[in-house]
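Report on the structure given below.
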Amino acid sequence: MVETVAAAQDMSLFSLFLRADLVVKLVMFLLLIASIFCWGVIIQKYQLLKRLKYETDIFEEKFWSGHSLEQLMQECGPNPQNPMSAIFSAGMKEWQYSNQLSKQNKKEPVIGMMDRIERMMNVVLVRDVSNIQQYLSFLATVASNAVFVGLFGTVWGIMSSFQSIAVSQNTSLVVVAPGIAEALLATAMALVAAVPAAIFYNKYSSDFAKYADRLESFSSEFLNVISRHVEEGQK
């Protein structure tokens, strides 16, 4: 009898999990996996943002420091990983191709060259912004749905506890408390998963939106630079 009471009073988290109903266990396991994956995304996005800002600052400093565009393109390499460098490289390649085509045909710069350059840079911009925002939707999904999943586990656990009470016909707090605690653990785990997911989804959505605006501003400024070079070449 003493051992039974002691076991019932063992309220450690691990013991609550082991004693929980199978459905509640599955709910808590799902929430645990979601929470772990969320923190993986959070850490990865933090490191990505830090790297992007550092590399972009360096590139912009070089771009506006007076380096020749051809030299800067060589420094970027054939496949630049930084989005701003990739946008610059795409614009330069299209510009060089248009200039080469113009010389071969012995004509003025190809009509619509600026439109093609802009389209090429926009393609790269959209692609890279989409890549850096990958998995943010998972954070949003966990933030909006984890609580409901946890609530389902809690309701199911409480129903199971009441069924056990009805069978044993014992309403003692010592008997009731562990079952209720097991059920509420699912809601607690849901909050542990949902709250960080919501906080960091909002933060990263704002940060990446600002970074996308920065890329769009650079794209427009670079188009102006190319336009001036084209006008000077036509004189």
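Read-outs throughout are calculated quantities, based only on the coordinates presented, and are distinct from any laboratory measurement. Just so we're clear, the structure is a prediction, and the values are computed from it rather than from any experiment. When we count neighbours, we look across all protein chains shown, and the Cβ atoms used for this are built from the backbone with ideal geometry, even at glycine.
In summary, the convex hull built on the alpha carbon positions of the range 22-234 has an orientation-averaged projected area of 15.2 nm².
To the nearest 0.05, how large is the calculated FRET efficiency for Val129 and Leu32 if R₀ is 41 Å and r is the Cβ-Cβ distance?
Working: r = 32 Å, r/R0 = 0.77.
With a Förster radius of 41 Å, E is 0.85.
Each label was represented as a point 7 Å from its Cα along the Cα-to-Cβ direction; for Arg228 and Asp57 these points are 2.6 nm apart. In terms of distances greater than 24 angstrom between alpha carbons, the cross-link table entries Lys25/Lys203; Lys45/Lys93; Lys93/Lys203; Lys50/Lys93; Lys50/Lys203 yield Lys25/Lys203; Lys45/Lys93; Lys93/Lys203; Lys50/Lys93.
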